[in-house]
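Here's the structure we're looking at; comments come further down.
The values are calculated or read from the model by the stated rules, or taken from the named source; none is laboratory data. Quick caveat: nothing in here was measured; it's all calculated off a predicted structure. Counting neighbours? That spans all protein chains shown, and the Cβs are built from the backbone with ideal geometry, glycine included.
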Amino acid sequence: MAARPIVVGGQRAWAHDGGFGGAAGLFHTFDALDVGGGLAPRKVHVRLPPAARDPALRFRVVVMHDGDTSFWPGGNFKQTWGVAEALARGGDDVDPVIVVAVHPHDRNAEYTHVDWSFGRRPWGQAPAYARYLAAHLVPFLDAHYPTIPTAGARAVVGSSHGGLISFYAATRHPDVFGFAGAMSPSFFSGIEPPPYGPGESPLRAAPIVDEVWAVLTSSSRPRVWIDWGLRRDGGDHNAVVEHLATKRGREMARLLADAAGYDWHDLRPGEHPRRDATLWTLSDIRGGHDEASWGARLPLVLRAFAGR
């Protein structure tokens with residue numbers, strides 16, 4: 001279907017299908033969504049599942065970072081997760097979900113909670129971005145789309161710095177997000193030697209954990225997915241960044257399970273996530289630090305969040 005202009009909640013958008021003969025669902029693309037929060041308007045894609053044609057149904061919501069690579073090629077490397085294809089691979093074992101793909105303004109700034117550029121760049125703006133998601137974007141979605149307006153029915157998902165901000169947003173706003181999908185997360189930001197921080201230190205003492213320890217040990221804590229890839233060829237993204245994501249992802253999983261009491265399911269190859277777990281991890285033997293790897297693992301993340 002050709003894109004047609006629409007207005008949703010006073011905001012201008014384009015309605016269009018995502019391809020695959022309409023099987024990808026209906027998209028509303030906002031070129032400059034302005035929902036307040038002190039941040040500049042930004043591009044946002046709202047993907048409604050085909051089942052949304054039934055006005056009686058309501059759906060879980062997955063908020064994704066790096067909206068410029070979620071559905072179509074983009075970003076610095078012109079790659080994509082292929083989320084529409086991943087949703088199709090989830091099959092009938094996953095409830096239909098609304099996917100909201102949010103474009104970044106400056107991902108290094110918005111998706112990180114510490115200044116790991118040593119004052120050279122305005123990084124560490126995660127608090128403002130997380131508030132924007134929780135206090136402004138989500139209320140807009142609940143007001144104008146067929147959402148299930150509870151924390152347990154909302155996930156926030158991303159990779160690398162997007163995985164970091166997913167964990168950050170869910171643990172700072174557990175009343176809004178009940179599930180964090182942290183894929184190849186950069187938990188190492190601020191706690192590894194330069195350029196990632198002043199020097200190596202344990203996660204338990206780092207702000208990403210220490211500031212919310214009471215949340216992580218409470219009944220209101222979010223469920224958490226953490227994964228990483230084991231490929232180390234193909235440049236620094238795999239040899240360095242994904243190595244650190246693996247190291248700190250494993251450390252975070254042990255911390256959440258052993259010290260915070262999470263029910264941990266470490267998935268073996270071919271396994272599906274246990275529905276009764278509260279923490280899932282996955283080591284992807286073929287996975288690298290790239291959109292294709294994250295898209296390939298996304299169906300398992302969706303099973304953990306919205307499996308039947």
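Listed conditions (1) modelled with pLDDT of 95 or more; (2) under 19 Å from Val94 (Cβ atoms) are all met by Gly270, apart from (1).
Sub-6 Å Cβ pairs linking a first residue in the stretch 193-213 that is without any contact (Cβ under 8 Å) to a residue 60 or more places away in the chain and surrounded by 14 or more Cβ atoms within 10 Å (Cβ to Cβ) to a second residue that is assigned to a loop (DSSP other than H, G, I, E, B) and β-branched (Val, Ile, Thr), at least 6 apart or interchain, are Ala206/Ile191, ordered by first then second residue. The number of residues in the stretch 183-210 that are in contact with a Ser or Thr (Cβ under 9 Å, 6 or more places away or on another chain) and closer than 30 Å to Pro299 by Cα comes to 7. When Val62 is tested against the conditions (1) at pLDDT below 95; (2) within 19 Å of the chain's Cα centre (by Cα), the lone failure is (1).
Pick out the one residue from Ile148, Ile226 that is crowded, with 22+ Cβ neighbours inside 10 Å, within 20 Å of Arg275 (Cα to Cα) and modelled with pLDDT of 95 or more.
Of Ile148, Ile226, the one residue that is crowded, with 22+ Cβ neighbours inside 10 Å, within 20 Å of Arg275 (Cα to Cα) and modelled with pLDDT of 95 or more is Ile226.
None of Ala153, Ala180, Ala143 is in contact with a Phe, Trp or Tyr (Cβ under 6 Å, 6 or more places away or on another chain) and either touching a residue at least 12 places away in the same chain (Cβ under 8 Å) or basic (Lys, Arg) (or both) except Ala180.
Here the stretch 281-301 is the region considered, the condition is being touching a Lys or Arg at 6+ places or on another chain (Cβ under 9 Å) and under 17 Å from Arg154 (Cα atoms), and the residue that is surrounded by the most Cβ atoms within 10 Å (Cβ to Cβ) is Leu298. Looking at Val7, Val83, can you tell me which residue is among the β-branched types (Val, Ile, Thr), surrounded by fewer than 13 Cβ atoms within 10 Å (Cβ to Cβ) and more than 19 Å from Arg107 (Cα to Cα)? The unique qualifying residue is Val7.
Would you please name the residue that is surrounded by the most Cβ atoms within 10 Å (Cβ to Cβ), looking only at residues in the stretch 242-263 that are among the aliphatic types (A, V, I, L, M) and part of a helix (DSSP H, G or I)? Before the answer, list the steps.
If we filter the stretch 242-263 for residues that are among the aliphatic types (A, V, I, L, M), which is where we start, we get 244-245, 252-253, 255-257, 259-260.
Among the residues that remain, those that are also part of a helix (DSSP H, G or I) are: 244-245, 252-253, 255-257, 259.
Numbers: Leu244: 20, Ala245: 28, Met252: 23, Ala253: 20, Leu255: 17, Leu256: 23, Ala257: 17, Ala259: 13.
Of everything passing the filter in the stretch 242-263, Ala245 is surrounded by the most Cβ atoms within 10 Å (Cβ to Cβ).
Inspect all residues belonging to the stretch 27-35 and state whether any of them is part of a loop (DSSP other than H, G, I, E, B), closer than 24 Å to Gly287 by Cβ and not small (Gly, Ala, Ser). Taking every residue of the stretch 27-35 in turn, none turns out to be part of a loop (DSSP other than H, G, I, E, B), closer than 24 Å to Gly287 by Cβ and not small (Gly, Ala, Ser). Filtering the stretch 269-297 to residues that are basic (Lys, Arg), under 13 Å from Trp228 (Cα atoms) and assigned to a loop (DSSP other than H, G, I, E, B) leaves only Arg286.
Residues that are surrounded by fewer than 19 Cβ atoms within 10 Å (Cβ to Cβ) and at pLDDT below 95 within the stretch 97-123 comprise Asp106, Asn108, Val114, Asp115, Ser117, Phe118, Gly119, Arg120, Arg121, Pro122, listed in sequence order.
Hey, does the stretch 118-125 have a residue that's in a loop (DSSP other than H, G, I, E, B), in contact with a Ser or Thr (Cβ under 6 Å, 6 or more places away or on another chain), among the hydrophobic types (A, V, I, L, M, F, W, C) and farther than 25 Å from Leu48 by Cβ?
Just the residues of the stretch 118-125 that are in a loop (DSSP other than H, G, I, E, B), to begin with: 118-125.
Next cut, in contact with a Ser or Thr (Cβ under 6 Å, 6 or more places away or on another chain) only: 123-124.
Next cut, among the hydrophobic types (A, V, I, L, M, F, W, C) only: 123.
Still in the running and farther than 25 Å from Leu48 by Cβ: 123.
Yes, the stretch 118-125 contains at least one residue that is in a loop (DSSP other than H, G, I, E, B), in contact with a Ser or Thr (Cβ under 6 Å, 6 or more places away or on another chain), among the hydrophobic types (A, V, I, L, M, F, W, C) and farther than 25 Å from Leu48 by Cβ.
Taken as a whole, the structure leaves Ala101 outside the set of residues that are part of a helix (DSSP H, G or I) and closer than 24 Å to Gly38 by Cβ.
Scanning the stretch 164-192 for residues that are assigned to a loop (DSSP other than H, G, I, E, B) and small (Gly, Ala, Ser), we see that the one that is surrounded by the most Cβ atoms within 10 Å (Cβ to Cβ) is Ser184.
One residue stands out among those in the stretch 36-79 that are of a type in the set (A, V, I, L, M) and assigned to a loop (DSSP other than H, G, I, E, B): the one that is surrounded by the most Cβ atoms within 10 Å (Cβ to Cβ), which is Leu39. Only a single criterion out of (1) within 27 Å of Gly75 (Cβ to Cβ); (2) out of contact with any strand residue (DSSP E or B) (no Cβ under 6 Å at 6 or more places or on another chain); (3) part of a helix (DSSP H, G or I) is not satisfied by Val215, namely (1). Of the candidates Asp17, Asp54, the single residue that is closer than 21 Å to Ile148 by Cβ and without any contact (Cβ under 8 Å) to a residue 40 or more places away in the chain is Asp54.
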